[in-house]
Amino acid sequence: MTNPEGAGAPEPSAGASATPALSKESPSGGRAVLSKEPAGSGDVVPDGEPLLRVSGLTKHFPVTKGIFKRQVAAVKAVDGLDFDVRAGETLGVVGESGCGKSTMGRLITRLLDSSSGTIEFGGQDITHLGTAGMRPLRRDIQMIFQDPYSSLNPRHPVGAIVGAPFKLQNVEPEGGVKKEVQRLLEVVGLNPEHYNRYPHEFSGGQRQRIGIARALALKPKLVVADEPVSALDVSIQAQVVNLLDDLQQEMGLTYVIIAHDLSVIRHVSDRIAVMYLGKIVELTDRQSLYDRPLHPYTRALLSAVPVPDPRGKAKRGSERILLQGDVPSPIKPPSGCRFHTRCWKATRICKAQEPPLVSLRTGHQVACHHPENFEDQQPDDTELLSEVEKANEQAALDKTAVAQRDREAVGKE
């Protein structure tokens, strides 16, 4: 029996180095090349129109109580997202755990129904399409799941897993399903002879490649990748990321990639959206985001990126920013700006009024009253909440001390 860790099915090598560098110019090597037919089955998106447009998207999960399941609250996982994705580009989505990234990915692929808002794909509103209405669009919208272990059926061989989209969509590829599946396995760097093997016979990186082959089977237009490399070690991460990049160039794919690793997102993305507690707080191209972030939360995230050379970190001029406290509960998010409870620049208006997501530079949107690297949007509001809280705490201590002295004086009398 083959070793579950993949000893009998060695991981495809990325070269002489044990930890290959992430390279946008990475050659496809000995992989088969996909035909450059237009992805998907629908019409081509008109020039200038986004492939995907999301407006006011929300998803609230009800919190129930009692035997009658009475709703007492709601988890506001996604709470008002507005963005679009142009054909052929890669949108990266980053943020802390629990900020709503994965829920957003499942909403735009219609694996979850939204609470409100609209989702347009190729100019068509797909927000409320039923199962029958979505079936033709499943050819154009595919998802790569986060966990390569639980996303593959352990009872099915690889051939059945990768060939499932053809069966579900009643598509008969030229040469037959088996031949096409074997070609797809070769495209993603696996041996076509793996057709009859089961998922437990592969390593984590190989299982993720199987998931990628399944997602690409019907030549989709949009691929949503939810943490595609988070469960893999560093060397395999590089191989999978380079594979995704090569496939995008060969097939003209459009990606929405969700990740925690800011280094991976910087490598693969054209634009980046930063999420916090169900909302997008900054959206811009990768160069602007990494060179001149506008939102304090983005700056805090970037300061946490490890820099191997201490001198390089000093040259970057960014000391580690330690955020105070925990992420607030999405059941009861803070009023105003949701980041104000942890922000060192928060003032009274941040607590009272939610900042809109607006463009401060060309193509650079941010939701902040007091942005970094830009003029203050509320210059008259200068009193920091941290100073107000300290003053209030000191006043409470003084009041307690006065009361204690009064009690001691009464006791002596």
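The values are calculated or read from the model by the stated rules, or taken from the named source; none is laboratory data. Since the model is a prediction, treat every value here as computed from it, not as a measurement. Don't worry about glycine lacking a Cβ; one is built from the backbone with ideal geometry, like all the others, and counts go over all protein chains shown. Note: accessible area is taken over every heavy atom of the protein model, side chains too, but ligands, DNA and RNA are not part of it. Shrake-Rupley method; radii C 1.70, N 1.55, O 1.52, S 1.80 Å.
Some points to look at:
- Filtered residues of the stretch 114-131 (kept if free of Cβ contacts under 8 Å to residues at least 40 places away in the same chain and open to solvent by 20 Å² or more (accessible area, probe 1.4 Å)): GLN124, ASP125, HIS128, LEU129, GLY130, THR131
- Criterion (assigned to a loop (DSSP other than H, G, I, E, B), of a type outside the set (S, T, N, Q), closer than 23 Å to ASN153 by Cα and in contact with a helix residue (DSSP H, G or I) (Cβ under 8 Å, 6 or more places away or on another chain)) met by exactly one of LEU190, LEU184: LEU190
- The set of residues in the stretch 155-176 that are open to solvent by less than 40 Å² (accessible area, probe 1.4 Å) and without any contact (Cβ under 8 Å) to a residue 12 or more places away in the chain comprises PRO173, GLY176.
- Strands (runs of 3 or more DSSP E) enclosed by the stretch 247-303 - at least 1 residues per element that are over 14 Å from the mean Cα position of the chain (by Cα) and surrounded by fewer than 24 Cβ atoms within 10 Å (Cβ to Cβ): 279-285
- Filter result for GLU354 (open to solvent by 30 Å² or more (accessible area, probe 1.4 Å), within 30 Å of LYS390 (Cβ to Cβ), of a type in the set (Asp, Glu) and at pLDDT 90 or above): yes
- Selection status of LEU107, without any contact (Cβ under 8 Å) to a residue 40 or more places away in the chain and not polar (S, T, N, Q): no
- Matching residues in the stretch 177-212 - criterion: being open to solvent by 40 Å² or more (accessible area, probe 1.4 Å) and within 22 Å of GLU227 (Cβ to Cβ): HIS200
- Residues (closer than 20 Å to PRO333 by Cβ, open to solvent by 10 Å² or more (accessible area, probe 1.4 Å) and touching a Ser or Thr at 6+ places or on another chain (Cβ under 6 Å)) located in the stretch 81-107: ASP82
- Any hit, the stretch 317-333, residues being surrounded by fewer than 20 Cβ atoms within 10 Å (Cβ to Cβ), basic (Lys, Arg) and touching a residue at least 60 places away in the same chain (Cβ under 8 Å): yes
- Condition check for LYS219 on (1) in a helix (DSSP H, G or I); (2) at positive phi: one failure, at (1).
- Members of the stretch 170-181 found to be assigned to a helix (DSSP H, G or I) and of a type in the set (D, E, K, R), listed by number: LYS178, LYS179, GLU180
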